[in-house]
């Protein structure tokens, strides 16, 4: 067995012997065994030792050190001393390998594993503008990220709570665990849940944050500058919270909440919304600056549902259904050669530029 392949091969053997190996891993192991007589011998030695200790000495907690001690002292009810001597040469030859196998399975595959002493490794996933991204966390929780959003999350959840960091908007379906709450942190708020479905809107560029609860219950805390937090509200299903970042004031409404979470299904839903809110949402999704000209447009109400339309298609539909004219400003390169964000100006139909 080559040294550089030891860890990978032992891990596959551990999974195979514990019954958790995938089809491709079994194929890889079979090829490795057939590569040489030495490889086959190593595998048979490990399998023999595993069969001695597995069901009686490595049940659910996989304490291989105790298992070896019991086996070698002859305390096994299943194996006579004569049988143990039969395997003694093989045990002596690879004495440390079953301990390695036990440790690998304990740390990688046991649902009750204790990794509190190991620092988790964080990853970050992004949803580029105009797209959505979905992912599954290590605890089974599901997350959908909206356009221009990012989520920082660990490869394991240590400690007393499951903590992730959000910039932008995300919809969560959290796996229930009452003893380890699921915590979403934005730049201004902390949302704590044990098992529920909810939406968090927390773009850094916006003056407000919003929390929408679909199922279960969540606690919403305001983050202080000193790192402490204060309870803002406890939400129940079908409640929508709007939090002003500057004033720290908030309001909670009972309403039809689907319009706040429809984005994960590729929809933009507006129900009698001010045109200023409509263009802000569209600009957020497609990363464009949309400017309304004329005070008459600010409070113009709009009702529509868009489903996976492009920016051009949405703007065209707005023109058809509203008394407005849309004009895209031609972009010129900046001194560094890059281009500024696309800018669109919306005029009342009677206003000339």
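The values are calculated or read from the model by the stated rules, or taken from the named source; none is laboratory data. Fair warning: this is a prediction, and the values are worked out from it, not measured in the lab. Glycine also receives a Cβ, built like all others from the backbone with ideal geometry; neighbour counts cover every protein chain displayed.
Structure above, values below:
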| read-out | value |
| --- | --- |
| Index of the failed condition, residue 250 passing every other in (1) surrounded by 17 or more Cβ atoms within 10 Å (Cβ to Cβ); (2) within 24 Å of residue 329 (Cβ to Cβ) | (2) |
| Residue match in the range 306-314 (condition: exposed (fewer than 13 other Cβ atoms within 10 Å of the Cβ), touching a residue at least 24 places away in the same chain (Cβ under 8 Å) and over 31 Å from the mean Cα position of the chain (by Cα)) | no |
| Qualifying positions in the range 157-172 - touching a strand residue (DSSP E or B) at 6+ places or on another chain (Cβ under 7 Å) and buried (at least 17 other Cβ atoms within 10 Å of the Cβ) | 162, 163, 164, 166, 167, 168, 169, 170, 171, 172 |
| Unmet requirement for residue 295, which otherwise passes all of (1) in contact with a helix residue (DSSP H, G or I) (Cβ under 9 Å, 6 or more places away or on another chain); (2) without any contact (Cβ under 8 Å) to a residue 12 or more places away in the chain | (1) |
| Residue ID - farthest from the chain's Cα centre (by Cα), chosen from residues in the range 142-173 that are free of Cβ contacts under 8 Å to residues at least 40 places away in the same chain and in a loop (DSSP other than H, G, I, E, B) | 160 |
| Subset of the range 194-208 that is closer than 23 Å to residue 249 by Cα and at pLDDT below 95 - its residue that is surrounded by the fewest Cβ atoms within 10 Å (Cβ to Cβ) | 205 |
| Search result, residues across the range 325-341 that are surrounded by 15 or more Cβ atoms within 10 Å (Cβ to Cβ) and at pLDDT below 90 | none |
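One line per residue, one yes/no per condition, for (1) under 18 Å from residue 221 (Cβ atoms); (2) without any contact (Cβ under 8 Å) to a residue 40 or more places away in the chain; (3) in contact with a strand residue (DSSP E or B) (Cβ under 7 Å, 6 or more places away or on another chain); (4) assigned by TED's automatic domain parsing to the domain that holds residue 307:
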| site | (1), (2), (3), (4) |
| --- | --- |
| 236 | yes, yes, yes, no |
| 240 | yes, yes, yes, no |
| 254 | no, yes, yes, no |
| 272 | no, yes, yes, yes |
| 279 | no, no, yes, yes |
| 284 | no, no, no, yes |
